[in-house]
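Below is one structure, written out as structure tokens; the observations come after it.
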Amino acid sequence: MQTTTRVAIIGGGVVGASVLYHLTKLGWSDVMLLERSELTSGSTWHAAGGFHTLNGDTNMAALQGYTIRLYRELEEITGMSCGLHHVGGVTLADNQDRFDMLLAERAKHRFMGLDTEIVGPEEIRKIAPVTNTDGIIGALYDPLDGHLDPSGTTHAYAKAARMGGATIETHCMVRETNQRSDGTWDVVTDKGTIHAEHVVNAGGLWAREVGAMAGVYFPLHPMEHQYLVTDDVPLIVDMMADGHEHPHVMDPAGESYLRQEGRGLCIGFYEQTCRPWAVGGTPWTFGQDLLADNFDKIEDSIAFAYRRFPDLERAGVKNVIHGPFTFAPDGNPLVGPVPGMRNYWSACGVMAGFSQGGGVGLTLAQWMIEGEPERDVMAMDVARFGNWITPGYTLPKVMENYQKRFSVSYPNEELPAARPFRTTPMYDIFSDLGAVWGHQYGLEVPNYFACGDEPTYETPSFRRSDAFAATGREVKAVREAVGINEVHNFGKYRISGTGARAWLDRIMAGRIPQPGRLSLTPMLSERGRLIGDFTVSCLSENDFRLTASYGAQAFHMRWFQQHAAADVEIENISDRVTGFQIAGPRARDVLAATTLSDVGDMRFLDVRRMTIGMTDCVVQRVSYTGDLGFEIYCDAMAQRALWNTLWDAGALHGMTPFGMRAMMSLRLDRFFGSWMSEFSPDYTAAETGLDRFIQWSKNTSFIGREAAEAEREKGPALRLVVFEVDADDADVQGYEPVWLDGNVVGFCTSGGWSHHAGKSIAMGFLPSDRVAEAPDVEIEILGQMRPARVITEPLLDPEGSRLRG
Ligand SMILES: Cc1cc2nc3c(=O)[nH]c(=O)nc-3n(C[C@H](O)[C@H](O)[C@H](O)COP(=O)(O)OP(=O)(O)OC[C@H]3O[C@@H](n4cnc5c(N)ncnc54)[C@H](O)[C@@H]3O)c2cc1C
């Protein structure tokens with residue numbers, strides 16, 4: 001057996017095989033796949049082989065589209081068959097919410113170039129005649145849906161990889177992965193030890209065990225899953241005689257997916273009475289095995305399916321496939337460089353290997369070979385979970401995800417499983433004040449504060465929710481008096497040491513401030529993509545603080561550590577340091593009443609240490625609300641004391657707590673973008689307007705400089721603009737298409753209702769050369785064309801006198 005390799009991939013399921021192929025496709029041929037048995041010996045061999053593009057995340061949907069198109073390429077390269085059946089599929093909607101979701105998906109597909117369409121009951125009966133359309137409002141038809149042969153496809157990947165120079169060792173069980181001091185790995189197998197520069201965990205059902213060999217916990221869990229294959233169904237036999245194949249039918253109400261199999265049908269369920277598998281760990285003795293049939297847990301699902309697809313009831317069951325496969329807590333794969341590790345990569349947690357495997361392989365290969373994936377892949381980045389995650393959190397979340405696999409996903413929905421988990425000392429106080437909680441990165445965050453008989457649960461909706469009145473009240477308090485909320489959900493970092501300034505100058509594209517000041521700066525990847533929007537404050541020459549998105553902590557720390565320098569200390573202090581933001585015209589009065597320090601001369605973007613009440617704090621004059629405001633940071637242990645001081649002083653000035661719903665409305669008034677909506681690795685600084693914070697004059701080759709300069713030279717392809725929308729009861733959420741002269745020319749990134757201005761506002765991208773001609777456009781919201789116009793003057797304080805005065 002070969003004993004050295006550039007990359008050792010552990011696991012020969014469809015995902016490992018795809019990674020192997022894509023590494024060769026992008027130019028690395030010295031790559032090896034290690035499989036303890038035969039290829040496909042985990043979840044892969046017994047999969048139903050269905051594929052589809054539908055995914056709530058647009059980039060995931062694009063990667064699923066890539067995967068599906070790849071199969072023809074594989075067949076051409078290898079001459080092997082993937083057993084493709086491009087039969088199309090319909091996803092049914094039996095109520096308005098489900099239909100709204102399909103309308104929103106269809107709208108997204110317009111700018112993604114996907115040819116889906118909305119069809120009514122009559123058309124559904126024509127396309128998918130096994131369906132009883134009683135109670136069905138409509139469906140989304142996707143011509144790309146289909147199914148394939150799981151084993152044939154995995155072997156086609158493997159053959160294509162071998163043709164590109166890759167090696168595959170079957171019956172080669174990996175027992176240990178030991179890292180050398182130079183960052184390379186000794187991969188110990190039954191057949192000997194392989195010295196590899198990189199290790200990829202594609203262990204599928206055993207990914208937890210493979211991860212543990214390197215001391216890494218991967219947040220995923222296997223679930224049992226069952227599908228049935230029927231005997232011949234006369235309607236299918238007749239269709240086949242006419243040369244037709246029945247398409248897929250997804251029935252979210254029945255939590256089922258159905259397709260033709262041979263001359264009969266095949267139907268699988270995501271049942272509510274689901275069961276996790278191998279809670280204590282996946283046994284190594286499991287292989288090409290199935291679980292015992294379990295009709296009890298799918299009894300209700302089958303009864304429902306018999307009503308929706310009456311032909312099923314008349315056909316006998318020929319075969320039952322019951323097997324396990326893994327899920328991450330949010331159902332998306334875990335891909336990328338594992339935070340805190342060198343040369344250790346994740347390609348696991350892939351619950352839809354035949355929709356996603358190609359995209360996962362492509363993404364990982366780009367990351368390893370080219371340094372970064374071509375698009376934003378945060379939805380499947382292994383760094384979207386931090387080291388706070390535990391098996392005790394993962395399991396209920398995975399079960400929730402399985403149960404909700406076919407449920408409507410609402411933009412304002414807060415899923416309840418495994419909560420509350422991480423809370424600050426303010427949890428009880430805010431709960432007593434009526435907080436309605438959401439969560440970010442495992443942390444409880446108030447969304448709004450209910451009063452009187454207002455609902456303490458925000459009903460999930462695509463339209464304006466029942467948080468509307470409370471949000472309006474909180475916005476008014478900020479704009480007219482003073483509001484307070486926590487700064488616990490900012491990612492916070494301390495950068496210290498003699499090399500801190502030089503390091504920051506290289507990592508950040510913007511100006512690094514002088515002591516006592518702060519600045520805003522984009523952080524760019526080598527290709528000039530936005531990988532962060534930071535506030536940098538300088539407490540002293542060797543002591544800086546950074547703040548950014550709380551949910552991007554592992555993502556940002558991974559980047560910082562990849563670029564670590566000897567004379568700089570980088571600490572993630574996100575949970576050690578917390579505090580409050582106070583904002584509104586009375587904010588300064590409140591602050592002045594709580595400290596002996598003079599705050600009257602504190603300018604916009606000043607940062608100072610001061611004692612507030614009993615608590616030592618760092619105070620920054622800046623506010624995402626766009627108003628006069630201060631961020632006040634303290635030690636987490638002193639947060640309640642700080643609260644008491646601010647709350648007592650605030651009483652005189654009408655202080656009101658506000659939550660994230662109000663925050664997201666307030667920021668619209670000043671056209672502030674937000675991380676992962678307007679600012680993400682999909683876009684550049686120039687496209688988003690953040691290039692105004694780049695310090696071109698600095699004498700440093702900051703990361704991404706070359707790419708940013710090249711773009712500056714030729715101008716960005718897209719421009720972020722703001723629209724005022726004539727909306728009805730639904731505002732823009734993100735990814736709605738923007739129409740001009742009957743064509744889709746752009747898309748929205750986020751939006752909402754400005755309670756301050758009483759207007760529906762959207763942010764989105766237009767091609768740069770169309771901006772000038774696009775004052776009046778239409779935005780498609782839930783299938784309705786809404787007139788909208790580009791606006792350039794902020795809705796609050798256009799001169800910035802409140803923010804800066
Ligand atoms: C009943 C059922 C129906 C399904 N239907 C569909 C469907 O219609 N469409 C779809 O897209 N997905 C479907 N899936 C999910 C799909 O099967 C998985 O997404 C996919 O197989 C995951 O592939 P993988 O390569 O990540 O993992 P696996 O297939 O589990 O492969 C992991 C491999 O790693 C090997 N391995 C593990 N540890 C080691 C070690 N230490 N040394 C060497 N080798 C090791 C294992 O032997 C195994 O071969 C279904 C799953 C089930 C259970």
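The values are calculated or read from the model by the stated rules, or taken from the named source; none is laboratory data. Here the structure is a predicted model, which is why all the values come from computation and not from measurement. Counting neighbours? That spans all protein chains shown, and the Cβs are built from the backbone with ideal geometry, glycine included.
One residue stands out in segment 439-460 among those that are hydrophobic (A, V, I, L, M, F, W, C) and not in a strand (DSSP E or B): the one that is farthest from residue 396 (Cα to Cα), namely 451.
Filtered by the rule that a residue be buried (at least 18 other Cβ atoms within 10 Å of the Cβ) and either hydroxyl-bearing (Ser, Thr, Tyr) or modelled with pLDDT of 95 or more (or both), segment 760-774 gives 760, 761, 762, 763, 764, 765, 766.
The residues of segment 191-210 that are more than 7 Å from the ligand (Cβ to nearest atom) and either without any contact (Cβ under 8 Å) to a residue 24 or more places away in the chain or of a type in the set (Val, Ile, Thr) (or both), listed by number, are 193, 194, 199, 200. Screening 60, 101 for residues that are closer than 21 Å to residue 744 by Cβ, crowded, with 18+ Cβ neighbours inside 10 Å and touching a Phe, Trp or Tyr at 6+ places or on another chain (Cβ under 9 Å) leaves exactly one candidate, 101. Across segment 193-220, the qualifying residues are those that are of a type in the set (A, V, I, L, M, F, W, C) and assigned to a strand (DSSP E or B), and the one among them that is nearest to residue 302 (Cα to Cα) is 200. Those strands (runs of 3 or more DSSP E) of segment 221-329 in which 2 or more residues are of a type in the set (S, T, N, Q) and either within 11 Å of the ligand (Cβ to nearest atom) or more than 30 Å from residue 414 (Cβ to Cβ) (or both) occupy 221-230, 317-327. Among the residues of segment 105-129, those identified as among the β-branched types (Val, Ile, Thr) and surrounded by fewer than 22 Cβ atoms within 10 Å (Cβ to Cβ) are 118, 119, 124, 127. The sole residue among 249, 279 that is among the hydrophobic types (A, V, I, L, M, F, W, C) and within 22 Å of residue 147 (Cα to Cα) is 249. Restricting attention to segment 367-381, the residues that are within 19 Å of residue 20 (Cβ to Cβ) and out of contact with any helix residue (DSSP H, G or I) (no Cβ under 8 Å at 6 or more places or on another chain) add up to 2.
So in segment 211-220, with the set limited to residues that are more than 12 Å from the ligand (Cβ to nearest atom) and touching a residue at least 40 places away in the same chain (Cβ under 8 Å), which one is surrounded by the fewest Cβ atoms within 10 Å (Cβ to Cβ)? My answer is 217. Pairing each residue of segment 314-329 that is closer than 21 Å to residue 297 by Cβ with any residue that is within 11 Å of the ligand (Cβ to nearest atom) and polar (S, T, N, Q), provided the two are 6+ apart or on different chains, yields C-beta distances under 6 Å for 322/226; 325/43. The condition of being touching a residue at least 12 places away in the same chain (Cβ under 8 Å), outside any strand (DSSP E or B), surrounded by fewer than 19 Cβ atoms within 10 Å (Cβ to Cβ) and out of contact with any helix residue (DSSP H, G or I) (no Cβ under 7 Å at 6 or more places or on another chain) holds for only one of 29, 41, that being 29. Assessment of segment 707-716 against the conditions (closer than 21 Å to residue 112 by Cα, at pLDDT 95 or above and in contact with a strand residue (DSSP E or B) (Cβ under 9 Å, 6 or more places away or on another chain)) yields at least one matching residue. For residue 188, the stated conditions do not hold, so it cannot be described as near the ligand (Cβ under 8 Å from one of its atoms) and either among the hydrophobic types (A, V, I, L, M, F, W, C) or assigned to a loop (DSSP other than H, G, I, E, B) (or both). Whenever a residue of segment 437-453 is without any contact (Cβ under 8 Å) to a residue 60 or more places away in the chain and more than 14 Å from residue 487 (Cα to Cα), its partners that are of a type in the set (Gly, Ala, Ser) and not in a loop (DSSP other than H, G, I, E, B), lying with C-beta atoms within less than 6 angstrom and at least six residues away or across chains, give the pairs 450/470.
Looking at segment 333-359, which of its residues are more than 16 Å from residue 204 (Cα to Cα) and either in contact with a Lys or Arg (Cβ under 8 Å, 6 or more places away or on another chain) or without any contact (Cβ under 8 Å) to a residue 60 or more places away in the chain (or both)? Scanning segment 333-359 gives 337, 339, 340. Among the residues of segment 115-132, some residue qualifies, meaning at least one is touching a Ser or Thr at 6+ places or on another chain (Cβ under 7 Å), of a type outside the set (D, E, K, R), without any contact (Cβ under 8 Å) to a residue 60 or more places away in the chain and closer than 23 Å to residue 243 by Cβ.
Count of segment 5-15 residues, restricted to those that are out of contact with any helix residue (DSSP H, G or I) (no Cβ under 8 Å at 6 or more places or on another chain) and within 13 Å of the ligand (Cβ to nearest atom), is 1. Please verify whether residue 354 is within 16 Å of the ligand (Cβ to nearest atom), crowded, with 24+ Cβ neighbours inside 10 Å and more than 17 Å from the chain's Cα centre (by Cα), treating the condition exactly as stated. In short, yes. For a quick check of your reading of the model, give me the residue pairs whose first member lies in segment 671-694 and is more than 19 Å from residue 754 (Cβ to Cβ), whose second is among the aromatic types (Phe, Trp, Tyr), with beta-carbon atoms closer than 6 Å and at least 6 apart or on different chains. Note: pairs meeting the criteria are 688/679.
The test for being outside any helix (DSSP H, G or I), among the hydrophobic types (A, V, I, L, M, F, W, C) and away from the ligand (no atom under 16 Å from the Cβ) holds for residue 341. For segment 282-306: of the residues being touching a helix residue (DSSP H, G or I) at 6+ places or on another chain (Cβ under 6 Å) and closer than 28 Å to residue 209 by Cα, which is modelled with the lowest pLDDT? Once the filter is applied, the top-ranked residue is 288. Would you check which residues across segment 340-351 are touching a Gly at 6+ places or on another chain (Cβ under 8 Å) and not polar (S, T, N, Q) and list them? If the condition is that a residue be touching a Gly at 6+ places or on another chain (Cβ under 8 Å) and not polar (S, T, N, Q), then 342, 345, 347, 348, 350, 351 are the ones that fit.
Set side by side, the residues 48, 61 differ, and just one is over 30 Å from residue 243 (Cα atoms) and aliphatic (A, V, I, L, M), which is 61.
With respect to the conditions (1) among the hydrophobic types (A, V, I, L, M, F, W, C); (2) within 16 Å of the ligand (Cβ to nearest atom); (3) in contact with a Phe, Trp or Tyr (Cβ under 6 Å, 6 or more places away or on another chain), residue 436 falls short on a single one, namely (2).
Filter segment 750-805 down to the residues that are touching a Ser or Thr at 6+ places or on another chain (Cβ under 9 Å), under 24 Å from residue 474 (Cα atoms), assigned to a strand (DSSP E or B) and not small (Gly, Ala, Ser) and list them by number. Within segment 750-805, 753, 761, 763 meet the criteria.
Test residue 63 against the stated conditions and say whether it is within 16 Å of the ligand (Cβ to nearest atom), part of a helix (DSSP H, G or I) and either more than 27 Å from the chain's Cα centre (by Cα) or within 27 Å of residue 293 (Cβ to Cβ) (or both). So residue 63 does not fit the description; no.
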